[in-house]
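Asker: My structure is below; once you've seen it, I'll send some questions.
The values are calculated or read from the model by the stated rules, or taken from the named source; none is laboratory data. Source: prediction; values computed, not measured. We place every Cβ from the backbone using ideal geometry, glycine too, and count neighbours over all the protein chains shown. Side chains are part of the model used for accessible areas, which takes the heavy atoms of the whole protein and leaves out ligands, DNA and RNA. Shrake-Rupley method; radii C 1.70, N 1.55, O 1.52, S 1.80 Å.
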Amino acid sequence: MINQERLKNLLLELVQIDSHSRKEREIAERIRHYCEELGAEVEIDDAGQKVGGNSGNVIARFAGTIPGAEPLMMSAHMDTVVPGEGVKPIVNGDIIRTDGTTVLGGDDKSGCAVIIETIRCLLEQKIPHTPIEAIFSICEEVGLLGAKNVDVSKLKSKFGIVFDSDDPGFLFTKGPSADHLEIEIFGLESHAGVAPEEGISAIKIAAEAIAGMKLGRIDDETTANIGVIEGGKATNIVTNHVILKGEARSLDDAKLEAQSQHMVQRFEEAASKYEVTVEGKTTKGRIKAIVSREYSAMDVSDESHVVQLVITAAARLGKEVKTLASGGGCDANIFNKRGIECANLGTGMRAIHTVNEWLDVKDMYASAEMTLEILKLNGELAEKTVASIA
Ligand SMILES: [Zn+2]
């Protein structure tokens, strides 16, 4: 049902188009071209201007064949993490890898390829279908910025599928809320050899704070990490300024708040222990903390229309799809929050965000076969609904 060779070639073509976050113009134009070729009305929105990128989200509207049927959203992101430029895919049987110097970008070009190829097959095989709103987003990897800036008032879909995870046997329906933490620590500069007692080391404060901090896997629903620490100019200077960036995630918002608060509190406590007086002037260690909610949790019920659609379609192909909670966030978190009920289906990407990223094209084929069946089933259900209303 799916043209495997064409799907594989499309993936290979897309991964060789550089598309770091905020630099998606070229791949956006290519995807626009393919969607227009398939008869879609395509728009590139203004999200790029809002986030300082060179392209907006590609929104392709495919007409349905069932009068009055509700549309369905399909979405994948076009951007990749670094190092993702000059990708040279190496095909070894069914496995596609890189030359080890870049990511593959199967995250999420496998999702883009699955959407395009599935719609192509749907149209070629003249399968009755509902309208489809395909959203190829920008800047997913830098805070889901494309999805956050889609004008949802222009979308008609009430449900959909995001194609942005690994195993096509799983449908991610739950995902955490995430906080981004940015901490600045202010100490006092002094000569490390001549007058160390006249300084307050921001590095020492950071170290003490982190040493007493709960990080890593906090419980089965919560994780936390300090991922960036920057500061200091020379070994002979007591460092007066350090910047740290971290995150916390949880499926439970109360636990997330507690964890973020704990992290900030540790910095505050560590800083408050330090105070020096130089020439009558007293300086205390202090911090500035900014905690921002990067995205909110998603929690789609197993009974929801979209989950039942996927499970039933898979069953018709003799396959089983299990719903699962993810530790990561994706555009689906944003779309759910913004009123489009959606789950995240796997497309075969593996070892993502590393130069060892690879993909088994058999997984991608399976994902596409399932997606075609989902669109077919969705059309059948829409025909029944429209008939019953008429
Ligand atoms: Zn992704």
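Asker: I'd like to verify a number: residues in segment 89-108 that are more than 16 Å from the ligand (Cβ to nearest atom) and acidic (Asp, Glu), how many?
Answerer: 2
Asker: Next up: Of all residues in segment 145-167, which are assigned to a strand (DSSP E or B) and of a type in the set (A, V, I, L, M, F, W, C)?
Answerer: 159, 161, 162, 163
Asker: Shifting gears a bit: Can you tell me which residue in segment 1-60 is nearest to residue 154 (Cα to Cα), limited to those that are outside any helix (DSSP H, G or I) and polar (S, T, N, Q)?
Answerer: Looking at residues that are outside any helix (DSSP H, G or I) and polar (S, T, N, Q), I get 57.
Asker: Taking residue 282, is it outside any loop (DSSP other than H, G, I, E, B), among the hydroxyl-bearing types (Ser, Thr, Tyr) and more than 30 Å from residue 11 (Cβ to Cβ)?
Answerer: Judged against the criteria, residue 282 is a match.
Asker: Are there any pairs with C-beta distances below 7 angstrom linking a residue in segment 121-134 that is touching a residue at least 60 places away in the same chain (Cβ under 8 Å) to a residue that is surrounded by 16 or more Cβ atoms within 10 Å (Cβ to Cβ) and of a type in the set (Phe, Trp, Tyr), with the two at least 6 apart or on different chains, and if so which?
Answerer: Within 7 Å, the pairs are 131/62; 132/62; 134/62.
Asker: Just to be sure I understand the filter: pairs with C-beta atoms under 6 Å, separated by 6 or more residues or on different chains, first member in segment 306-327 and on the phi < 0 side of the Ramachandran plot, second member exposed (fewer than 15 other Cβ atoms within 10 Å of the Cβ). Which pairs pass?
Answerer: 323/302
Asker: Only one of these is buried (at least 21 other Cβ atoms within 10 Å of the Cβ), on the phi < 0 side of the Ramachandran plot and polar (S, T, N, Q): 367, 296. Name it.
Answerer: Within the list 367, 296, the selection yields 367.
Residue by residue, here is whether (1) farther than 30 Å from residue 374 by Cβ; (2) modelled with pLDDT under 95 holds:
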| site | (1), (2) |
| --- | --- |
| 259 | yes, no |
| 270 | yes, no |
| 275 | yes, no |
| 281 | yes, no |
| 326 | no, yes |
| 332 | no, no |
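Asker: Just checking, does segment 237-249 include any residue being small (Gly, Ala, Ser), surrounded by fewer than 18 Cβ atoms within 10 Å (Cβ to Cβ) and at pLDDT 95 or above?
Answerer: no
Asker: Right, another one. Would you point out the residue of segment 67-88, among those that are touching a Cys at 6+ places or on another chain (Cβ under 8 Å) and of a type in the set (Gly, Ala, Ser), that is nearest to the ligand (Cβ to nearest atom)?
Answerer: If we take residues in segment 67-88 being touching a Cys at 6+ places or on another chain (Cβ under 8 Å) and of a type in the set (Gly, Ala, Ser), then 76 is nearest to the ligand (Cβ to nearest atom).
A quick yes/no check of all residues on (1) open to solvent by less than 10 Å² (accessible area, probe 1.4 Å); (2) touching a Leu at 6+ places or on another chain (Cβ under 9 Å); (3) within 16 Å of the ligand (Cβ to nearest atom); (4) farther than 19 Å from residue 104 by Cα:
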site: 309; (1), (2), (3), (4): yes, yes, no, yes
site: 312; (1), (2), (3), (4): no, yes, no, yes
site: 315; (1), (2), (3), (4): no, no, no, yes
site: 325; (1), (2), (3), (4): no, yes, no, yes
site: 340; (1), (2), (3), (4): yes, yes, no, yes
site: 348; (1), (2), (3), (4): yes, yes, yes, no
site: 353; (1), (2), (3), (4): no, no, yes, no
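Asker: Within segment 109-144, how many residues are open to solvent by 30 Å² or more (accessible area, probe 1.4 Å) and either assigned to a loop (DSSP other than H, G, I, E, B) or within 13 Å of the ligand (Cβ to nearest atom) (or both)?
Answerer: Number of matching residues: 6.
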